[in-house]
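See structure below.
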Amino acid sequence: MTKTTMKATAIAPANIAFIKYWGKQDEKLRLPLNASFSMNLSEAVTTTTVEFSKNLATDEISAVNEVFSEKEKQRMSKHLDVIRKKARVNLQAKVVTKNSFPKGTGAAASASGFAALTVAAVSASGLSLSEKELTILARIGSGSACRSIPDGFVLWERGTDSENSFAHSLYPPDYWDLRDVLVIVASDMKKVLSTEGMSRVQTSPFLQSRLHGLPSKIKRMLTIFTKKDFAALGNLIEEDSLNMHAVMMTQSPPIFYWNSATLEIMHAVYEWHAQGLPVYFTIDAGPNVHLICEAKDEQKVVEKVRQLGVVNEIVVNKPSKGAGLLNQHLF
Ligand code: PMV
C-alpha cells in the first residue's frame, strides 16, 4: 500500500538513569563520556504528531499543554533537519506534542520529547529504520532520549563514534517489578539545562575519578540485575547519583540542582532505611527526587512522602516499554 500522507504519531516514555550520563566526548553528535543504564517510566510520556507538507513555508512546532521557547523550537527544527537529510525530504513539518506531566516539573521531558519526535518524524518521512538506528538518531537530538526508544531496562553504550554509541534493551519491563515514585518539589530555582551544564564537566577535578570507576559500576549493575538484589541496586543507584552531583557541584561555575526540599527528602530516605523500609533516591538535573522501591513497598513509600509536607505532586511510575507508533494523531 502506498502512503498517501506524510504524517505519523509516536509515544515515548521518559527514563530514569540508575547509572547516569553527565559529559560528552563529542558535543555535536552527543557521544557520551560513559555508558549509562536506565528504566523507562510508565507515567511520564510524550506523544508527538509530525506531518511533512508542501503547504508549509516553515516548521510549525507547538505543544498542547505548554509553550515552547524559540530556542526549544529551533532545537527541534534542527533535529528535523537531520531526519530530512537522511530521508531526502525537502518539506517543512507541522509538529504538535503533548506531555503527560506538567511543564516545569523537570520530569525528563527532553528524553521522551526527542524520542517521540524521532520516531514520529522518521515514520512520517517514509524512512524505515531499525531500533538501533532510531536510538542513534534520538541521541543526536538529546543524549538521554536514545534510552527511551528500547523497552524496559536499557543500556546506552558509550561507543567511540556515532554508529557504535546506541541504546539497547537488557531486560523487558516485566523483568523486575520496580517503582519510581517521582517526588516533585516546589522550586523557584533557575534551571541550568543539562546540555549547558555538562558542557563544563571538564572543569570538575572529580570528573576523572568518576569516569575511572564507571566501567566497573556498569558491571556491578549488570550482576545486580541477574540476581535481582534490590539492596545492592539501591545502594549503587544512590552512589552514582551522588557521584554525578559531586561532579556538578565542583564544576566551574558550580551547579547545585538540589533545594531544601530535595535535601529533606534525602535525609528522610536515610531515616526510612534505618526503620527497615527499602527505598533509595536518585536525582537528575533538577530538585525533584526519584524514589526507587519494589512494588510491594509502593504504598508505604507514597504515605511516608505525603507526610513530609514539602511535596507538590507524586507520580508513581512502573517500568515501561519504549517508544512506539500510535494510530491516533494529535491533529
Ligand atoms: O540527555 P540530557 O541532556 O537530557 O541529559 C540527561 C542527564 C541526566 O538526566 C542528568 C542524567 C541521565 O543519564 O539521565
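Computed from backbone phi with θ = phi - 60° and the Karplus coefficients 6.51, -1.76 and 1.60, the 3J(HN,Hα) list for the stretch 19-27 is 10, 8, 10, 8, x, 10, 7, 9, 5 Hz; x is used for glycine and proline.
Principal semi-axes of the equivalent ellipsoid, √(5λ) from the alpha carbon gyration tensor of the chain, are 33, 21, 20 Å from largest down. Residues whose amide H lies under 5 Å from that of V289, counting only those 5 or more places away or on a different chain, are V183, V185; hydrogens are built 1.01 Å from N in the peptide plane.
Dipole of the stretch 178-317, Cα-centred, from +1 at each Lys and Arg C-beta and -1 at each Asp and Glu C-beta, to the nearest 20 debye?
380 debye
Annotation: amide H-H contacts under 5 Å for S165 (H modelled 1.01 Å from N, sequence separation of 5 or more, or interchain): T160.
Each of W272, Q208, T48 was scored by the projection of its Cα onto the charge dipole of the chain, and the greatest displacement toward the positive side belongs to T48; charges sit on the C-beta of Lys, Arg, Asp and Glu. Ranking N34, I292, L91 by Cα position along the charge dipole of the chain, where only Lys, Arg, Asp and Glu carry charges on their C-beta atoms, puts L91 farthest toward the positive end. I want to make sure I understand the PRE zone here: with the label point 7 angstrom from the Cα of N164 toward its beta carbon, which residues in the stretch 21-35 have backbone N atoms less than 18 Å away? Only 25-26, 29-35 pass the distance filter. In this simple spin-label model, placing a label point 7 Å from the Cα along the Cα-to-Cβ direction at both H267 and T223 gives a separation of 3.5 nm. Basic side chains Lys and Arg get +1 at the Cβ, acidic Asp and Glu get -1 at the Cβ, and with that the dipole of the chain about its Cα centre reaches some 900 debye. Computed on the stretch 178-317, the Cα convex hull volume stands at 114 Å³ per residue.
Values in this text are rule-based calculations from the coordinates and carry no lab data. On a predicted model such as this, the values are computed, not experimentally measured, just so you know. When we count neighbours, we look across all protein chains shown, and the Cβ atoms used for this are built from the backbone with ideal geometry, even at glycine.
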